[in-house]
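Here's the structure we're looking at; comments come further down.
The values are calculated or read from the model by the stated rules, or taken from the named source; none is laboratory data. If you're wondering where the values come from, they're calculated on a predicted model, not measured in any experiment. Heads up, the Cβs are rebuilt from the backbone with ideal geometry, glycines too, and the neighbour counts pull from every protein chain shown.
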Amino acid sequence: MTAAPYTFRPVTEADLGLLRRWMEAPHVAEWWGEIEEEIEGIRADFADPAVEAFIVSHGGRPIGFLQCYVVHAEADHPYADRPLGARGIDQFIGEADMIGCGQGPAFIRRFCDMLERDGVPCVVTDPNPLNARAVRAYEKAGFRPLEERDTPFGRVLLMMRGPVAERGKR
């Protein structure tokens, strides 16, 4: 997938060292899980057709990670109450000098625009409710908060964006 000035290249085994370095950075480590568990999860997802993981680049420079998954691929997924065809995303900016300059909202918006053009009815995400920087970034990318939930991933703020989400606005 591409969307200038951002590119979304599938993660490969060769990228796991870069992902590990990014996950060790304090601004990522604060909000993501145990590094080896996360890396093994990404590696396991290579074989899962319901999950796509990408290296996000800006102007040819790798700056972050984004994963997209089919919400309904697991019957008991905590967001299975979302519309059929919904996708979920998780992301982070790995390069510290790219934090706070609008990169997150911009590449999230671009990626979601591509999903919507492909017919995805809505996209959900689930930042930690205490992660104000992530919540603001998602809001700038067009997401709206729905509710806080307790999930197997911990307490989250469920947020949604997309045509279905827009029709549900009051």
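For the reader, a short list of remarks on this structure follows.
- Summed over segment 12-64, residues that are among the hydrophobic types (A, V, I, L, M, F, W, C), in contact with a Lys or Arg (Cβ under 9 Å, 6 or more places away or on another chain) and farther than 13 Å from Gln91 by Cα total 3.
- Long-range neighbours under 8 Å by Cβ, at least six apart or interchain, first residue among the β-branched types (Val, Ile, Thr) within segment 113-140, second surrounded by fewer than 18 Cβ atoms within 10 Å (Cβ to Cβ) and not in a helix (DSSP H, G or I): Val120/Gly85; Thr125/Asp90; Val135/Pro129; Val135/Pro145
- Residues satisfying the stated conditions in segment 52-80, i.e. touching a helix residue (DSSP H, G or I) at 6+ places or on another chain (Cβ under 9 Å) and without any contact (Cβ under 8 Å) to a residue 12 or more places away in the chain: His77, Ala80
- Screening Leu115, Leu18 for residues that are crowded, with 17+ Cβ neighbours inside 10 Å, modelled with pLDDT of 95 or more and more than 19 Å from Thr151 (Cβ to Cβ) leaves exactly one candidate, Leu115.
- Scanning segment 129-162 for residues that are more than 20 Å from Asp76 (Cα to Cα) and buried (at least 16 other Cβ atoms within 10 Å of the Cβ) gives Pro129, Ala134, Val135, Ala137, Tyr138, Ala141, Gly142, Phe143, Arg161, Gly162.
- Residues of segment 29-84 satisfying the condition of being among the β-branched types (Val, Ile, Thr) and either part of a helix (DSSP H, G or I) or within 21 Å of Val123 (Cα to Cα) (or both): Ile35, Ile39, Ile42, Val51, Ile55, Val56, Val70, Val71
- When Glu36 is tested against (1) closer than 19 Å to Cys101 by Cα; (2) loosely packed, with under 14 Cβ neighbours inside 10 Å; (3) not hydroxyl-bearing (Ser, Thr, Tyr), exactly one condition is not met: (1).
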